[in-house]
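Right, one structure below, let's go through it.
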Amino acid sequence: MNWIIGIAILVIIGYLLDREVYFYEGVHLGPRVQAWLYDRWSRKYDDGKRESQLRDDEMLAQPLLDKLNDVPEPFVLDFATGTGRLSHVLMSRMEFNGRIVALDLSQGMLEQAASKLRPYLSRFEMLRHVSLPLPFPDSTFDVVCALEVLELFPGMDEPLAEFARVLRPGGLFLTSRGTEESGRKAKVKSVPVYTSLLERNGFENVQVAKWWKLFDRVTAVKSGKSNPVMKRGLRDVLKCSACGQTRWEKKQNSLHCGNCGRELSVTKDGIVLG
């Protein structure tokens, strides 16, 4: 009888672990385990996203460009960029003249993004950063994008507050809402509840549109008004974790903080390892 109970316990543990890893993508295992998982999945990650990527130009790039008519060179944060899906579709549009900082916790994912976006590396920069808070000053970006990621946080208020903090007043926020079909019942929020959540964290003019079966597309604007940010790059806005300053000097294979001397490695693909 004991061996039957033992087998049953192992089966249950295996089921729960499989569900945690492949359904919740390691959300309850901590960011470093998540990063390791995404590193392992990175080369085949896009294979499971083909359906949702078919309309990326129509559903992601075009709505952003339509709303950025008055911002000639937008500075964009692509949070949890993964394999660079959104960045690639934006950079592929000739009318997009902005710069993008793509952030992800997985170096493997960023390496896949680098392979897609190699022709655009003069305007596309990558940062590996594992956890919140974001390493940028307040009101840094004209646009913050965070697609298919809010459901992977223990709670949504903390990341939303950070996205609002680094977005300038009047800046554009692009995100997504997990639908009822996603199966993540504990994380699914109705459109009214999700709208209230964004408004509580400093956003207004929230618009929810059908995207694909697992996610709706959501756009919002940070409350207030301000001028577009000046043309800048990652070195101009990345805060040193040691001293909090943004005085970086580029060296061979590294960034050097001109204030405290801290160095960050830069990979051959141009990924800054924060």
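The values are calculated or read from the model by the stated rules, or taken from the named source; none is laboratory data. As the structure is a computational prediction, the values presented were derived from the model and not from experiment. Reconstructed Cβ throughout: ideal geometry from the backbone, glycine too, with neighbour counts over all protein chains shown. Accessible surface areas use protein heavy atoms only, side chains included; no ligands, DNA or RNA. Shrake-Rupley method; radii C 1.70, N 1.55, O 1.52, S 1.80 Å.
Below are the figures for this structure:
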read-out	value
Restricting segment 42-89 to residues that are of a type in the set (Asp, Glu) and assigned to a helix (DSSP H, G or I), the residue that is nearest to ASP142 (Cα to Cα)	ASP66
Any hit, segment 96-107, residues being in contact with a helix residue (DSSP H, G or I) (Cβ under 6 Å, 6 or more places away or on another chain), assigned to a strand (DSSP E or B) and within 17 Å of ARG43 (Cα to Cα)	yes
Pair list, Cβ < 9 Å and 6+ apart or interchain, from segment 36-56 residues that are within 18 Å of GLU111 (Cβ to Cβ) and open to solvent by less than 30 Å² (accessible area, probe 1.4 Å) to residues that are among the aliphatic types (A, V, I, L, M) and outside any helix (DSSP H, G or I)	TYR38/LEU105
Hits in segment 86-138 (condition: of a type in the set (Ser, Thr, Tyr), surrounded by 20 or more Cβ atoms within 10 Å (Cβ to Cβ) and closer than 16 Å to ASP57 by Cα)	SER87
Members of segment 100-124 that are under 15 Å from CYS145 (Cα atoms) and not aliphatic (A, V, I, L, M)	ASP104, PHE124
Filter pass, VAL191 being aliphatic (A, V, I, L, M), modelled with pLDDT of 95 or more, open to solvent by less than 80 Å² (accessible area, probe 1.4 Å) and under 30 Å from LEU54 (Cα atoms)	yes
Given (1) closer than 23 Å to ILE100 by Cβ; (2) at pLDDT 75 or above; (3) not hydrophobic (A, V, I, L, M, F, W, C), number of the condition PRO31 does not satisfy	(2)
Members of segment 194-225 that are among the charged types (D, E, K, R), within 19 Å of the chain's Cα centre (by Cα) and either open to solvent by 50 Å² or more (accessible area, probe 1.4 Å) or under 13 Å from LEU160 (Cα atoms) (or both)	LYS222
Verdict on GLN34 being under 19 Å from LEU150 (Cβ atoms) and out of contact with any strand residue (DSSP E or B) (no Cβ under 7 Å at 6 or more places or on another chain)	yes
Hits in segment 247-274 (condition: open to solvent by 60 Å² or more (accessible area, probe 1.4 Å), within 17 Å of VAL130 (Cβ to Cβ) and of a type in the set (S, T, N, Q))	SER265
Any hit, segment 160-168, residues being in contact with a Lys or Arg (Cβ under 6 Å, 6 or more places away or on another chain) and at negative phi	yes
Qualifying residue in segment 163-178 (condition: open to solvent by 30 Å² or more (accessible area, probe 1.4 Å), hydroxyl-bearing (Ser, Thr, Tyr) and more than 24 Å from ASP39 (Cβ to Cβ))	no
LEU234 being touching a Pro at 6+ places or on another chain (Cβ under 8 Å) and in contact (Cβ under 8 Å) with a residue 24 or more places away in the chain	no
Candidates VAL130, VAL193 - the one that is among the β-branched types (Val, Ile, Thr) and within 30 Å of CYS243 (Cβ to Cβ)	VAL130
2 or more residues polar (S, T, N, Q): qualifying helices (runs of 4 or more DSSP H) within segment 149-242	191-200
